[in-house]
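What follows is a set of notes on a single structure, which appears directly below.
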Amino acid sequence: MKPVTIKGYLDHTRETQILKWKDGEKGVDVVTPFYTHLDSSEKACGILVNRGWMPWDLKDFRYDKIANTTNVSGVLYQGDAKHKYDQPNRPTMSDFRNVQPNELALLTQLPNRDEASQFMLKAVDLDPMTRTEMPDVPSSEEL
């Protein structure tokens, strides 16, 4: 996997939280649309970014919603692997269990949803000296 860095802005109003367990603790993966460019009709287009895991009790109280314009580094991936025991996402009930870019691109109403539904960016802390505190982003060694 080759790391990439993209520049744009995060849209926290269309953020999705996917229920995930990490080391026995309940939490959520935070998936946020990240707008990178305008299309020919001046609509903001972008990519979905899995920004990392947050503990359940901190999922609604976050300081990271202050900054909108940023650079995000990570690796491209196609979402969670599907297993026969997975519970399906139920968007009408705001119940998400799996990171699936095809479902999330439609839900977030990205204008370029055909492209955005193919893959997304998983944020990775490439510099061990400047680790992200929350959401918990894996380092390149942990990935």
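Taking region 1-54, which residues are in contact (Cβ under 8 Å) with a residue 12 or more places away in the chain, of a type in the set (Asp, Glu) and not in a strand (DSSP E or B)?
ASP11, GLU15, ASP39, listed by residue number.
ALA105 - would you say it is outside any helix (DSSP H, G or I) and either closer than 24 Å to LYS43 by Cβ or at pLDDT below 85 (or both)?
It is false that ALA105 is outside any helix (DSSP H, G or I) and either closer than 24 Å to LYS43 by Cβ or at pLDDT below 85 (or both).
Return the only residue of THR36, THR13, THR32 being modelled with pLDDT of 90 or more, within 23 Å of ARG90 (Cβ to Cβ) and hydroxyl-bearing (Ser, Thr, Tyr).
Of the residues listed, the single one that is modelled with pLDDT of 90 or more, within 23 Å of ARG90 (Cβ to Cβ) and hydroxyl-bearing (Ser, Thr, Tyr) is THR32.
Find the residue count for region 114-133, including only residues that are of a type outside the set (Ser, Thr, Tyr) and modelled with pLDDT of 85 or more.
Adding up the residues that qualify gives 10.
Looking at region 63-78 only, could you name the residues that are modelled with pLDDT of 85 or more and surrounded by 12 or more Cβ atoms within 10 Å (Cβ to Cβ)?
Within region 63-78, VAL72, SER73, GLY74, VAL75, LEU76, TYR77, GLN78 meet the criteria.
Of the conditions (1) touching a Leu at 6+ places or on another chain (Cβ under 9 Å); (2) assigned to a strand (DSSP E or B); (3) not aliphatic (A, V, I, L, M), GLY79 satisfies every one except a single condition; which number is it?
(2)
The values are calculated or read from the model by the stated rules, or taken from the named source; none is laboratory data. Everything quoted here is computed from the prediction, not taken from an experiment. Cβ atoms come from the backbone with ideal geometry, glycine included; neighbour counts cover every protein chain shown.
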